[in-house]
Amino acid sequence: MTINTEPVDELIEVPAGLRHVIAAETRLGDVRGREGFYHYRQYSAIDLATGRTFEEVWFLMMEGRLPTPGELAEFTGTIAGLRDLPAELLPVLTAAATAGTRFRPMAGLRTALSMLAETLELQPLWDSDPATRSRDALRICAVTPTILAALHRLHEGLEPVAPQPELSTTANWLYMISGELPKPAAVRAIEQYLIATIDHGFNASTFTARVVASTGADIAAALIAAIGAFSGPLHGGAPDRALDGLDEIGTPDRIDDWVRGKISRGERIMGFGHAVYRTDDPRSLLLRDIATEIGGPLVDFATTVERRVVELLAELKPGRTLYANVEFYAGVVMELSGIPRSMFTPTFAVSRTVGWTANILEQAQRGKIIRPAARYVGPPAPQPLP
């Protein structure tokens, strides 16, 4: 056996989880954790959430600028016309919605997107031109809410609701879930949530999307990989779990015992702490304001729990400042807006699909595969076979 003794590139040690490692350049936005600030392109994401529509921000992510009124009207009409499900997907959705004993809409979405890629005959990113890539991105983003809403209704034994082209993306999402026209206050609350969650730096799912895109695979393959990462409870799968925590606590007098019990057992308190922010999560502050405007007993209880949990975490985990993250109040806002808990994470995915595809399109321009190394720590090699 001949061993290659040629010199190799020196390995570079990086922090666990690639923390603070710059893996690429992007024009899409940034998260400045110590400041409690993040932006899309050149605009504050929170300013966009409070002052613009979802369609305007979607256009911004794709085109790099806000649209003119004429461009917005054309863009809105285009995406509304792309929401319909291909007929070939309905049997797949029916099977996915009724499989197993537990409803898993994100798994169903992955399955449906695989079929959609075949139905649309999506080309690999490596072989397609920018116009084709953009067209595919719009189609997938527009149809994703339709897929998710259909999965929900089929699981409930109901017929899917056809998308309505005259409704905005957010209003149409709520309509397809419930079958009823939503109230304007609920539409605006969820629209602000969707805008605030379109993108958020090189998080696990976005990085996963870019890794797959760097191989030249088709856009659906990169998106499906992102959804797999996103579905984990340490990433996008936490809004319903955070609200479940409020249910477990039940009353204000039980907060301390519940938190201390979680900490003593080494369990994570869902909805608190973030990998980047070292101060208040600006998304959480936005959603708390939205929830407070809606008002009610759930909001009062949530704000009481948040305040006490932060105090107890400061006491029990000194040196680690932990605040409520986006998931905590996201669950409250979605609950108050009539979204079933099983659809909390899918609602998050409706917006993040726009961010993922924007990152996929940007990565496709690079033309270089992402290929890190690993440090081998197993038994010495080579050894003779026994």
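The values are calculated or read from the model by the stated rules, or taken from the named source; none is laboratory data. Just so it is clear, the structure is predicted and the values come from calculations on it, not from any experiment. With ideal geometry, Cβ positions are generated from the backbone for all residues, glycine too; neighbour counts draw on all protein chains shown. Heads up: the accessible areas ignore ligands, DNA and RNA and are worked out on the full protein's heavy atoms, side chains in. Shrake-Rupley method; radii C 1.70, N 1.55, O 1.52, S 1.80 Å.
Hey, what's the Kirkwood Rh for the stretch 172-230 if you take every pair of different alpha carbons, in angstrom?
13.4
Let me understand the stretch 94-199 better: what is its radius of gyration from the alpha carbons, and its Dmax, in angstrom?
Cα only, the stretch 94-199: 15.3, 44 Å (Rg, Dmax).
Can you quote the Å³ per residue value for the convex hull of the Cα atoms in the stretch 258-308, rounded to an integer?
Output value, Cα hull per residue: 87 Å³.
Return the carbon/sulfur percentage of the accessible area of the chain, one whole number, probe 1.4 Å, all protein chains in place.
With neighbouring chains kept in place, the figure for the chain is 54 percent.
Given 10 Å bins starting at zero, what is the percent of C-alpha pairs of the chain in each, up to the one with the largest pair distance?
5, 22, 31, 25, 12, 5, 1, 0
Longest span of the chain, sites excluded, free of trypsin sites (Lys or Arg not before Pro) in DSSP loop with at most 14 other C-beta atoms within 10 Å? Let's see the in-between values first.
Details: sites that count: Arg19, Arg27, Arg34, Arg65, Arg102, Arg265, Arg268, Arg278, Arg320, Arg366, Lys368, Arg375.
Value returned for the longest uninterrupted segment is 103-264.
Could you do me a favour and compute the accessible area per residue for the stretch 115-214, 1.4 Å probe, result in Å²?
Per-residue value: 40 Å².
Taking only C-alpha pairs under 8 Å that are 6+ residues apart, what is the relative contact order of the stretch 262-328 in percent?
56
With label points built 7 Å along Cα→Cβ from the Cα atoms of Tyr43 and Glu121, find their separation and express it in nm.
3.8
Over the chain, what is the relative contact order in percent, taking alpha-carbon pairs closer than 8 angstrom and at least six residues apart?
Value for the chain: 22 percent.
For the stretch 41-60, list residues with backbone N below 15 Å from a point placed 7 Å from the Cα of Glu71 toward its Cβ?
From the stretch 41-60, the list is 41-43, 53, 55-60.
From the helices alone, meaning DSSP H stretches of at least four residues, give me the mean residue ellipticity at 222 nm for the chain, per-run term -39500 (n - 2.57), in deg cm²/dmol to the nearest 500.
-17500 deg cm²/dmol
Could you compute the FRET efficiency for Lys368 and Glu13, with r as their C-beta to C-beta distance and R0 at 22 Å, rounded to 0.05?
0.45
How about Lys262: which lysines have a C-alpha closer than 19 Å to its C-alpha, ignoring those fewer than 8 places off in the same chain?
The qualifying lysines are Lys317.
So for the stretch 211-295, averaging the separation of alpha carbon pairs under 8 Å that are six or more residues apart and normalising by length, what relative contact order in percent results?
Contact order relative to length: 18 percent.
For the stretch 213-222, take each phi angle, set θ = phi - 60°, evaluate the Karplus expression 6.51 cos²θ - 1.76 cosθ + 1.60, and give the result in whole Hz per residue in order, putting x for glycine and proline.
Using θ = phi - 60°, the values come out as 4, 5, 7, x, 5, 6, 5, 5, 4, 5 Hz.
Return the sequence-ordered ³J(HN,Hα) values of the stretch 103-116 in whole Hz as given by the Karplus equation 6.51 cos²θ - 1.76 cosθ + 1.60 applied to θ = phi - 60°, using x for Gly and Pro.
Once rounded to whole Hz, the list reads 6, 10, x, 5, 5, x, 5, 4, 4, 5, 5, 4, 5, 4.
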